[in-house]
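No value in this document is a laboratory result; all are computed from the given coordinates. Source: prediction; values computed, not measured. Neighbour counts are summed over all protein chains in view; Cβ atoms, including those assigned to glycine, are modelled from backbone coordinates with ideal geometry.
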Amino acid sequence: MQARLSAATAIVPDLVATASLTIETRREGFSEITADVAQFLRDVEARDGALLLYLRHTSASLVIQENADPDVRTDLATALARLAPADAGWVHDTEGPDDMPAHVKTMLTGVSLHVPVIAGKLGLGIWQGIYLAEHRTQPHRREVILQFIGSRAKR
C-alpha cells in the first residue's frame, strides 16, 4: 500500500453558527437533506471548517450515502429491515411494533455526522449525499441541529 498525505492547511476559526432544520417525513425511508445543509453554509457565509449535524431523536438517523441511484436507498432499507424486523419478539413496543426496530436501526446508523467544509462547500464525495433515515412507518417531524465551526468567507 502506498499512501500520500497532502500538505496541511490551517485556519483560525472566527465563526460558530447554529441552526435547526426541521424535516417532515412521510414514512420509513431516506430523505435527502444535502441541499438544505448547503443552503445553511451559504446563509452563514461559511468558508473553511467543520459542519456538525446532530439529530434529536432515537428512532431516526443521519447517514451519508450514494445519491445517484435510488435503488441503493431501497436496498439499504431492505438490509435494515432484515437486521431489525418488526416481528422479532421485542419487549419494548410502547409506540407500536415498529418502535423497537427503529431504535435498533438508529443505534446501528447513528444520530450525528461531521462533514468538512472546504471553500464554502461540503467536502462530500461525488456520489455522496446527506440523508435523514426515518425508521418509523408513520410520518414524523424530525429536528436536525446544524453547527458550523470555522472561518467566514471574505467579504
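A few notes on this one:
- 2 or more residues surrounded by fewer than 19 Cβ atoms within 10 Å (Cβ to Cβ): qualifying strands (runs of 3 or more DSSP E) within the range 60-147: 60-66, 112-118
- Of all residues in the range 47-92, those satisfying the criterion of being closer than 22 Å to LYS121 by Cβ and either β-branched (Val, Ile, Thr) or within 13 Å of the chain's Cα centre (by Cα) (or both) are LEU51, LEU52, LEU53, TYR54, LEU62, VAL63, ILE64, GLN65, GLU66, ASN67.
- Inter-residue pairs, beta-carbon under 8 Å, first in contact (Cβ under 8 Å) with a residue 60 or more places away in the chain and in the range 131-154, second in a strand (DSSP E or B) and basic (Lys, Arg), 6+ apart: LEU132/ARG142; GLU134/ARG142; GLY150/ARG47; SER151/ARG47; ARG152/ARG47; ALA153/ARG47; LYS154/ARG47
- Meets criteria (over 30 Å from ILE149 (Cα atoms) and either charged (D, E, K, R) or touching a Lys or Arg at 6+ places or on another chain (Cβ under 8 Å) (or both)) for ARG42: no
- Test for VAL104: is it under 14 Å from LEU53 (Cα atoms) and either under 21 Å from the mean Cα position of the chain (by Cα) or free of Cβ contacts under 8 Å to residues at least 12 places away in the same chain (or both): no
- Within the range 28-59, tally of residues that are outside any helix (DSSP H, G or I) and among the aromatic types (Phe, Trp, Tyr): 2
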